[in-house]
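Taken together, the values in this text are just the output of simple stated rules run on the coordinates, not laboratory data. Worth saying up front: this structure is predicted, and the values here are computed from it rather than measured. In this analysis, Cβ positions are derived from the backbone assuming ideal geometry, glycine residues included, and neighbour counts consider all displayed protein chains.
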Amino acid sequence: MSETSHNEANARRSATLIGPLAVLGASTCFALSYVVIKWPGTPGSVIAWWRLAVATVFWWVFLGYRRIAKGVPLPSRTTWKYVTPAALLFGANIAVMFTGATKTSVAHLEFINALAPIVLAPLGFLFFKEHPQWKALRWGIFSFAGIAIVLSFGPANGVATLEGDLLVATAFCAFLGYLLLTKRARAHGVTTVDFMAVMMPVAMVAATPVALLIAYDSFIPDNPKTWASIFILAVLTGVVAHGLLVFAQKIVPIATISMIQAGQPATSTFLAWVFLGETISINQAPGMALVIIGSILVVTTGQRSLSSSRKFDS
């Protein structure tokens with residue numbers, strides 16, 4: 001093997017490891033973020049807007065430093081063109097999702113979002129020709145049945161509401177669009193730093209009317225806990241989690257990203273129990289298991305079938 005081939009093989013192995021680790025890191029940050037959102041008791045849309053504002057300042061200070069110190073140009077018009085649609089959907093997603101998070105339980109929120117692998121598999125084929133195995137999608141029936149159980153058998157003293165669940169479902173749809181448009185932008189060569197720097201201010205514009213409509217009278221936070229949660233979220237998700245996820249979009253298929261994130265609902269539910277005292281009903285446990293099992297089976301079965309077909313073709 002030549003030195004060039006050896007280096008290329010090492011690069012591929014590094015990407016195979018680094019990509020999934022980046023997604024795992026992002027998933028862990030997201031799991032913790034919902035606890036932070038609910039901690040101060042402030043309207044979620046307000047926290048969402050200020051989190052975006054703080055993250056925007058961070059990314060543009062970093063761009064300014066990079067411009068002065070290294071002469072790296074600011075994001076181009078083409079970058080703005082590809083990032084703006086994704087950013088608008090992200091702004092709507094975060095404003096509505098943060099609002100929903102304060103009106104329902106973390107368990108409901110996370111297990112609704114756990115349907116992503118089943119929905120993203122056909123969307124990945126439709127928009128990016130990722131060729132999922134359609135037979136694998138039959139396992140998605142487990143996840144849909146699990147969601148029905150989780151939503152139907154919550155504890156009588158729980159914090160979940162129908163309004164909150166509907167808000168989370170709406171935000172979930174916006175997040176699917178954001179993921180697809182992010183992958184499109186990355187496929188056109190937009191770098192992680194440029195993507196994040198453009199996404200945050202555009203998302204802030206999209207989140208503004210939601211925040212003003214829902215909580216205009218408390219738009220300016222007036223207690224230390226709210227400001228602490230804003231700054232924690234700005235670093236935890238606005239910088240670390242989304243930065244890792246955007247980085248991974250370049251080298252990890254959408255379906256694989258969803259598989260890695262399949263365990264996030266369980267992590268979030270556990271953290272909500274530890275830090276917020278949220279309870280779950282024993283009747284919900286089978287549903288939670290079905291959601292995770294269905295999500296994993298959809299992706300692993302599809303990937304296994306795809307690997308077999310490639311060996312046959314070769």
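Table for the structure above
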{"item": "FRET E, pair Tyr65, Leu166, Förster distance 41 Å, beta-carbon r, rounded to 0.05", "result": "0.45"}
{"item": "Around Pro43: net Lys/Arg minus Asp/Glu count, Cβ-Cβ under 13 Å", "result": "+1"}
{"item": "Span from the segment 47-106 Cα centroid across to the segment 264-294 one, whole angstrom", "result": "30"}
{"item": "Modelled FRET efficiency - R0 22 Å, Ile18 with His188, Cβ distances, 0.05 increments", "result": "0.50"}
{"item": "Label-point separation in nm, Thr78 to Val119, each point 7 Å along Cα→Cβ", "result": "3.2"}
{"item": "For Ala272, net neighbour charge (Lys/Arg +1, Asp/Glu -1) across residues whose Cβ lies under 10 Å away", "result": "-1"}
{"item": "Gain in span if fully extended, Val274 to Ile251, counting 0.36 nm per residue against the direct Cα distance", "result": "4.8 nm"}
